[in-house]
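The next block holds one structure in the form of structure tokens; read it before the comments.
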Amino acid sequence: MDMTIGDLIKFNEFLDATVDPKNLDEEFITLRQAELGVISKNSDAKYFPVIALSYAKLMELTVLLAGKYADNCQITNFGDIAINPRHIDVCILNTRVIKEDYGITGSIPHWFKKQVQLCLGKQYSEDLGRMVVDPSLLLHFVEKGLLLRIVKKERHKRLSDQFRHCIPGSQFVFSKCGEECSPIAHPPVKTLGCGCGMIGSLDVPSWLAGSTVLNIVKGSLKNDLMNVLHEVVSDDYLKSVNKRFEKAHNSLSYINMGRKSFADFPYDNGVPIAEWAEINHTLCHFTLDGYSMIQSEFKKSLSSPHYKSHLLNGML
């Protein structure tokens, strides 16, 4: 048996055997995504249809998880799989060098992103003002002295809390990662009143806005899978995924609003019976039916090389 198809069959068998809707979480799907990525990277083009269906199975699990989080008002978990990037780097700029050597008086982050864009061309992109660049390509700017260092953002920690320690009395220049050079002056200190005297406090948000650039290294689970699927699956399937995520978002909003009146909405004993029908209509109640249907298409594609699944793009 071909090594690639053998690995793909083993992957799907393991996935089918270990999927547990009650214990499903983002980590499980992310690990399977990484495994499938290795298989697909080393595969021949003739296996793209079954690889695409394997990715679609992971998307079905992501949809199922989104519905579960929405129905239980787990806002942070829902945001993590549907919206929030899994890995963001904070690029700390060498503002002193940029001002003195390049004469930049305007927005330094904006100027820096332009330099990266000019250097990388098609390899550069942005998402809501944040760079989306391979981190290895930024080492050139560290060597040029434009970047002090690159620090991974802690996922569930505020930027101002995580980087408060970066701007105490002085800031150090790093010509290469971890290589310390000369100190530069810290940003202006903002004086805050607290009712019992004046306290000097570093204006962390202003420093972040003027001295750093965010780079998305790994997007949300949903977006990553959609990026893989959008060219290989049918438009109808993509629409069905987006429609279910929209329902999950609506369910989350509905329950979050209802909890203002009930402690455990919609499961609170005080919820009026008259509202039950509306609640059940709004909740996702997603199942593994979509996953099973894709698994059926996967088996048909394996058994017949000429079989064309309706879930796949006709160009594939």
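The values are calculated or read from the model by the stated rules, or taken from the named source; none is laboratory data. Keep in mind it's a predicted model, so treat the numbers as computed, not measured. Here Cβ is always computed from backbone atoms with ideal geometry, including for glycine, and neighbour counts include all displayed protein chains. Ligands, DNA and RNA are stripped out before the accessible areas are found, and what is left, the full protein with its side chains, is counted by its heavy atoms. Shrake-Rupley method; radii C 1.70, N 1.55, O 1.52, S 1.80 Å.
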Task: Conditions (1) in contact with a Phe, Trp or Tyr (Cβ under 9 Å, 6 or more places away or on another chain); (2) in contact (Cβ under 8 Å) with a residue 40 or more places away in the chain; (3) open to solvent by less than 50 Å² (accessible area, probe 1.4 Å); (4) in a helix (DSSP H, G or I): number failed by Ser309 - done: (4)
Task: Residue that is farthest from the chain's Cα centre (by Cα), among those in the stretch 1-32 that are open to solvent by 30 Å² or more (accessible area, probe 1.4 Å) and of a type in the set (S, T, N, Q) - done: Thr18
Task: Selection within the stretch 65-89 - aliphatic (A, V, I, L, M) and either under 14 Å from Leu146 (Cβ atoms) or touching a helix residue (DSSP H, G or I) at 6+ places or on another chain (Cβ under 7 Å) (or both) - done: Leu65, Ala66, Ala70, Ile75, Ile81, Ala82
Task: Of all residues in the stretch 289-306 being of a type in the set (Gly, Ala, Ser) and free of Cβ contacts under 8 Å to residues at least 12 places away in the same chain, the one that is most open to solvent (accessible area, probe 1.4 Å) - done: Ser303
- [ ] Determine which single condition Leu192 fails, assuming it passes every other condition in (1) among the aliphatic types (A, V, I, L, M); (2) at pLDDT 50 or above; (3) open to solvent by 40 Å² or more (accessible area, probe 1.4 Å).
- [x] (2)
Open item on the list: Here's a check for you: in the stretch 138-161, which residue that is over 18 Å from Ile108 (Cα atoms), in contact (Cβ under 8 Å) with a residue 40 or more places away in the chain and not in a loop (DSSP other than H, G, I, E, B) is nearest to the chain's Cα centre (by Cα)?
Closed with: Lys152
Open item on the list: Condition first: touching a residue at least 24 places away in the same chain (Cβ under 8 Å) and surrounded by fewer than 12 Cβ atoms within 10 Å (Cβ to Cβ). Now tell me which residues in the stretch 33-45 satisfy that.
Closed with: Asn42, Asp44
Open item on the list: For the stretch 82-96: of the residues being over 30 Å from Leu64 (Cα atoms) and β-branched (Val, Ile, Thr), which is farthest from the chain's Cα centre (by Cα)?
Closed with: Thr95
Task: Pick from the stretch 269-316, criterion touching an Asp or Glu at 6+ places or on another chain (Cβ under 8 Å) and hydroxyl-bearing (Ser, Thr, Tyr), ranking: nearest to Leu61 (Cα to Cα) - done: Tyr291
Task: Elements of type helices (runs of 4 or more DSSP H) contained in the stretch 204-288, each with 1 or more residues being open to solvent by 20 Å² or more (accessible area, probe 1.4 Å) and over 26 Å from Asp89 (Cβ atoms) - done: 235-258, 276-282
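One line per residue, one yes/no per condition, for (1) at pLDDT 95 or above; (2) closer than 26 Å to Gly6 by Cα:
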{"residue": "His249", "(1), (2)": "yes, no"}
{"residue": "Ser253", "(1), (2)": "yes, no"}
{"residue": "Asp264", "(1), (2)": "no, no"}
{"residue": "Val271", "(1), (2)": "no, no"}
{"residue": "Asp289", "(1), (2)": "yes, yes"}
{"residue": "Ser296", "(1), (2)": "yes, yes"}
{"residue": "Pro305", "(1), (2)": "no, yes"}
Task: Any pair with Cβ under 8 angstrom, 6 or more apart, that starts in the stretch 92-114 at a residue that is under 16 Å from Trp207 (Cα atoms) and among the polar types (S, T, N, Q) and ends at one that is assigned to a helix (DSSP H, G or I) and open to solvent by 20 Å² or more (accessible area, probe 1.4 Å) - done: Thr95/Gly210; Thr105/Lys99; Ser107/Gly210
- [ ] State the number of residues belonging to the stretch 120-134 that are exposed (fewer than 14 other Cβ atoms within 10 Å of the Cβ) and either part of a helix (DSSP H, G or I) or not acidic (Asp, Glu) (or both).
- [x] 6
